[in-house]
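Remarks on the structure that follows.
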Amino acid sequence: MYTRLCSDVATGLVTSDPLVLRSSLPFPRCYLPVGALRRDPETTGSLIRSSAGVNMAVKAEDSDIHRLISIGPSHYCEKARWALERAYIPFSEDKHCPGFHIPVVKGFPGGKTCPKLVIGKGPEQVVLSESHDILEYADKKIDNEENRLYPSDPELLQLVQSWESKFDDRLGPHVRRYAYSFLLFDSSTYELLTQGGSTVEKFLAWIMLPLLRRVIYRGLKCNRPGAKEQSLEVIDNIFKEVDDALADGRPYICGSKFSAADVTFAALGGPLVSPPEGGAWMPPLDAIPSEMRDVMKRLQGTPAGQHILKIYETKRQRPEQKRVYQ
Ligand SMILES: N[C@@H](CCC(=O)N[C@@H](CS)C(=O)NCC(=O)O)C(=O)O
C-alpha cells in the first residue's frame, strides 16, 4: 500500500487531468498495447497520447500503477525518479545492476535502456521508455501550472526542450563514459554497479565482475583511443554553455523559472559534481582516482557546477514520508 502524500507542488495521487486531456503535446515515444486503443478517453484518469495521436485513459484509482524499472547507478534513472518524486506519484522501483536489467525489460518497447516507467497492468499497460517522456508525464500530474517543469508559454517551452535534448543527447552519454573510464576498474566498482540490486544479482555480479567490467567498458566505448579526453571536452563545453546562460544572474538555466532543463542538467551532470543529495551512490571524492577527482573539483567550482549543487540542495525534494510498499 502507498501512503497518501501532499506537497506544495502536487496533491493527491493520480487524478483526472483535464490539462492533459486538452494538451496538444504528443508523447512521441509512448507505446500502447493494441487493446488499449479501444478504451474510452472519457474514462476518469490521465490521458496519454500515442505517436499515432490516439488517446487513451489510464485508470486512475490504482495507487500502485507506476513501476519504475531502473539501473542503480544510472543518471537517466535519477532524472526520472526525481520527476516522479517531485510530482508525488507513488511508484515502486525495480532497481537492477547494469546488465541484469536486460531480461527484465525484454519484450518492452523502446529497446533495453532504463529508465522504463510501466503504467498499469494487462491490456491497459503503457510503457514510457525515455526519461523525457517520464518527465512530461509526471509533470502533468502537478496541479499548479506554475510549479511545472515544462512551461505553457510555447517559446519558453521550446527553449527548455532544446536544453533538455542537448543534455540528454550529449551530456548524459559523455558523463557516463568519462566516469566509467575511471570507475570501472577501481576498488569502488562493485559497490557502484550493484547498488540497489537484489541479493541474487549481487551474488552473480560478484562472480561475473571481471566480465561485467569489460563488457560495460567496451559497450560504452571507453576503450577508444582518446575517449575520456573527448568526453571531457564535450562536458566542459556544455558546462561552459550553462556558465554563459547563468552569467546574467538568472536563477535558472532558462530564466526565472525552474524547469526540466535544470532537472536534466543536474541529474545528468550530477555524477561529476557529486551533490550530497544525489539519488545514486558515488564513491566519496577522496576515493575517486586523482585525475577524475581533480576534474570534479574543478567542475564543482564553475557556475554550472555550483548550479547543480544548488538545484540539488533546494529542489530535490523527496516525499517527507517514505513510500510504504506491501
Ligand atoms: N535516452 C534515454 C537514455 C537512457 C540510457 O542511456 N540508459 C542507460 C543507463 S544510464 C541504459 O539503460 N543502459 C543500459 C543498456 O543500454 O542496456 C533516456 O533518456 O531515458
What is the residue count in segment 202-215 for residues that are among the small types (Gly, Ala, Ser) and open to solvent by 20 Å² or more (accessible area, probe 1.4 Å)?
-> 0
The lone condition Ser70 fails out of (1) away from the ligand (no atom under 16 Å from the Cβ); (2) closer than 23 Å to Leu268 by Cβ; (3) modelled with pLDDT of 95 or more is (1)
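Considering segment 174-207 alone, what residues qualify as being more than 23 Å from Gly278 (Cβ to Cβ) and in contact (Cβ under 8 Å) with a residue 12 or more places away in the chain?
Going through segment 174-207, the residues more than 23 Å from Gly278 (Cβ to Cβ) turn out to be 199-200, 203-204, 206-207.
Leu204, Trp206, listed by residue number.
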Checking Ser274 against (1) touching a residue at least 60 places away in the same chain (Cβ under 8 Å); (2) under 19 Å from Lys228 (Cα atoms), which single condition isn't satisfied?
-> (1)
Considering residues of segment 73-93 that are farther than 11 Å from Ala280 by Cα and touching a Ser or Thr at 6+ places or on another chain (Cβ under 7 Å) only, the residue nearest to the ligand (Cβ to nearest atom) | Ala80
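When segment 213-238 is examined, which residues are found to be within 18 Å of Glu191 (Cβ to Cβ) and within 23 Å of the chain's Cα centre (by Cα)?
Restricting attention to segment 213-238, the residues satisfying the condition of being within 18 Å of Glu191 (Cβ to Cβ) are 213, 216-217.
Residues satisfying the conditions are Ile216, Tyr217.
When you go through Thr199, Thr189 one by one, which is the residue that is crowded, with 17+ Cβ neighbours inside 10 Å and closer than 24 Å to Asp94 by Cα? So that I can check it myself, show each step before the final result.
Numbers: Thr199 fails: crowded, with 17+ Cβ neighbours inside 10 Å.
Only one candidate passes the filter, namely Thr189.
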Would it be correct to say that Glu124 is touching a Gly at 6+ places or on another chain (Cβ under 8 Å) and within 10 Å of the ligand (Cβ to nearest atom)?
-> no
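I'd like the full set of residues that are open to solvent by less than 10 Å² (accessible area, probe 1.4 Å) and away from the ligand (no atom under 11 Å from the Cβ), limited to segment 98-119.
Within segment 98-119, the subset open to solvent by less than 10 Å² (accessible area, probe 1.4 Å) is 105, 115-119.
If the condition is that a residue be open to solvent by less than 10 Å² (accessible area, probe 1.4 Å) and away from the ligand (no atom under 11 Å from the Cβ), then Val118, Ile119 are the ones that fit.
Return yes when Ile134 is open to solvent by less than 30 Å² (accessible area, probe 1.4 Å), more than 16 Å from the chain's Cα centre (by Cα) and in the same structural domain as Arg86 (by TED's automatic domain parsing) and no when it is not. I'd like the intermediate steps shown before the answer.
Numbers: open to solvent by less than 30 Å² (accessible area, probe 1.4 Å): yes; more than 16 Å from the chain's Cα centre (by Cα): no; in the same structural domain as Arg86 (by TED's automatic domain parsing): yes.
Answer is no for this residue.
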The lone condition Ser129 fails out of (1) in the same structural domain as Thr264 (by TED's automatic domain parsing); (2) buried (at least 16 other Cβ atoms within 10 Å of the Cβ); (3) touching a residue at least 60 places away in the same chain (Cβ under 8 Å); (4) not aliphatic (A, V, I, L, M) is (1)
Kindly provide the set of residues from segment 140-162 that are within 13 Å of Ala261 (Cα to Cα), open to solvent by less than 30 Å² (accessible area, probe 1.4 Å) and not aliphatic (A, V, I, L, M), ordered by number.
-> Arg148, Tyr150, Pro151
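The values are calculated or read from the model by the stated rules, or taken from the named source; none is laboratory data. Small disclaimer: the values here were computed from a predicted structure and weren't measured. Here the Cβ is made from the backbone with ideal geometry for all residues, glycine too, and neighbour counts use every protein chain on show. Calculation scope for accessible area: heavy atoms of the full protein, side chains included, ligands and nucleic acids excluded. Shrake-Rupley method; radii C 1.70, N 1.55, O 1.52, S 1.80 Å.
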